[in-house]
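Everything below concerns the one structure shown next.
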Amino acid sequence: MRCLDLSLQKLDPGILEDADLVALYVGMHTATRIAIQALPRVKQLAPKAHLCVYGLYAPMNEALLRGLGVGTVLGGEVEPALLSLCQTLRINGKPVTRSGPVISLGRVAFEVPDRSGLPSLSRYAHLVLPDGSSRVAGFAEGSRGCKHLCRHCPVVPVYQGKFRIVPADVVMEDIRQQVRQGASHISFGDPDFLNGPTHGLRLARGLHEAFPEATFDATIKIQHLIDHAGLLPELRRCGCLFITSAVEAVDDNILRLLDKNHTSRDFDRAVALTREAGIALAPTFVAFTPWITLEGYIALL
C-alpha cells in the first residue's frame, strides 16, 4: 500500500500503474476539489483500479463522484468498510461496484494512525506566534461527529447528531509520534472539542503532562464556551492558545435559521470569557446567506 498527499505531492505513474484499488480521502471541501481534479488523471494512470472516495464529503457528492467513475462511496466510520472492500477485491480479483453510498456509524476499534507514508511533518502547517517565531503543527482527532444539528454544517448529514470518542491513549500515542517528528503545537480536529467535556479536558491535561511546552488549539461551539466557561482557565493552563468557533452570523434571525443555538449577545459573552481566560477566539462567519440584508452585512463588518 502506498500513500500520496495530493495537497503536497503529484500523482506518481509508477505507483498507480499496477493499482487494483485507488481510494481518495475527502475530509473537507478543499480535499474534495483536489480529488475531483485528480480523478480523470487517476483513471488514465490506473485503468485497472477500482475507484473509491471516502470521508465526510463523499456521500454528499455521490452523484458527481459516480459520474467521474467512482465505484464506491463511503462516509462516517469508514475503516471497516474500507477493509472489507480491500479484502473483497483481493479475493475476487475484480472491482466490486456498490449501488449506493455506505454511511456507517458503527463503533470502530480505533488504532493509532500510521502516518509513516506521509511527507515530513515540517512540510505541513506551521503556527506563527506574535513574536514572529513559528511552531510545527500536528493534528489529532479526539472525537468524530457532533451532538448538534446546525443546518450549515457538513458533519450533520453524515453523523445525524451522533459522535464517537477516540480513546485517550490512542490520541496521546498519535500525538507522541508527531512530537517525535518535530510538532510542538497540536490542532485538535474534533468538530467540537467539548462535545464530551470530560474527554476533552482529559486530552488537554494529558498533552500538558506529557509535553509541558506544547501548545494546542481546538474548535468549540459558542454555546459550549458559555456552558463550560469554568473549563477555559484550565484549558489555557494546559496550553490552549486559540479556539475556533463557528459563529457564522451576528443576526439573530439568521442564527435561528441556522439552528446555531446561540445569539449575537452570546457571541459577545464568549469573546469576553475567552479573553478573560487568555485564549484568543477565532470566529468563522458565513458572510452571505439567502437572508442577509445590507444592514445586516454592515452590522457584521
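Brief remarks on what is shown
- Of everything listed in (1) under 18 Å from the mean Cα position of the chain (by Cα); (2) aliphatic (A, V, I, L, M); (3) within 30 Å of residue 264 (Cβ to Cβ), the single unmet condition for residue 225 is (1).
- Picking from residues in the stretch 175-205 that are of a type outside the set (A, V, I, L, M) and over 30 Å from residue 266 (Cα atoms), the one that is surrounded by the fewest Cβ atoms within 10 Å (Cβ to Cβ) is 180.
- Applying the condition of being loosely packed, with under 14 Cβ neighbours inside 10 Å and either in contact with a Ser or Thr (Cβ under 6 Å, 6 or more places away or on another chain) or aliphatic (A, V, I, L, M) (or both) to the stretch 127-143 and asking which residue is nearest to residue 106 (Cα to Cα) yields 128.
So that you can scan it fast, the table gives a plain yes or no per residue for (1) surrounded by 15 or more Cβ atoms within 10 Å (Cβ to Cβ); (2) without any contact (Cβ under 8 Å) to a residue 40 or more places away in the chain; (3) of a type outside the set (Lys, Arg); (4) not in a strand (DSSP E or B):
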position	(1), (2), (3), (4)
19	yes, yes, yes, yes
23	yes, no, yes, no
33	no, yes, no, yes
37	no, yes, yes, yes
70	yes, yes, yes, yes
83	no, yes, yes, yes
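- Subset of the stretch 179-234 [among the small types (Gly, Ala, Ser), in contact (Cβ under 8 Å) with a residue 24 or more places away in the chain and either more than 26 Å from residue 124 (Cα to Cα) or not in a strand (DSSP E or B) (or both)]: 182, 183, 184, 189, 196, 200, 204, 206, 210, 214, 229
- Residues within the stretch 104-151 that are in a strand (DSSP E or B), touching a residue at least 40 places away in the same chain (Cβ under 8 Å) and within 24 Å of residue 78 (Cβ to Cβ), tallied: 6
- Scanning the stretch 1-17 for residues that are assigned to a loop (DSSP other than H, G, I, E, B) and surrounded by fewer than 18 Cβ atoms within 10 Å (Cβ to Cβ) yields 1, 2, 3, 5, 6, 7, 8, 9, 10, 11, 12, 17.
- Filter result for the condition that a residue is out of contact with any Asp or Glu (no Cβ under 9 Å at 6 or more places or on another chain), among the hydrophobic types (A, V, I, L, M, F, W, C), in contact (Cβ under 8 Å) with a residue 24 or more places away in the chain and assigned by TED's automatic domain parsing to the domain that holds residue 126, over 241, 258, 273: 273
- Among residues of the stretch 270-291, those that are buried (at least 16 other Cβ atoms within 10 Å of the Cβ) and more than 26 Å from the chain's Cα centre (by Cα), counted: 0
- Across the stretch 212-233, the number of residues qualifying as out of contact with any strand residue (DSSP E or B) (no Cβ under 9 Å at 6 or more places or on another chain) and over 21 Å from residue 260 (Cβ atoms) comes to 4.
- Flag if residue 108 is more than 18 Å from the chain's Cα centre (by Cα) and among the β-branched types (Val, Ile, Thr): no
- Pick from the stretch 235-269, criterion part of a strand (DSSP E or B) and not acidic (Asp, Glu), ranking: farthest from residue 179 (Cα to Cα): 247
- The lone exception for residue 1 - which of (1) over 22 Å from the mean Cα position of the chain (by Cα); (2) in the same structural domain as residue 90 (by TED's automatic domain parsing) it fails: (2)
The values are calculated or read from the model by the stated rules, or taken from the named source; none is laboratory data. Because the structure is predicted, anything quoted here is derived from the model rather than measured. Heads up, the Cβs are rebuilt from the backbone with ideal geometry, glycines too, and the neighbour counts pull from every protein chain shown.
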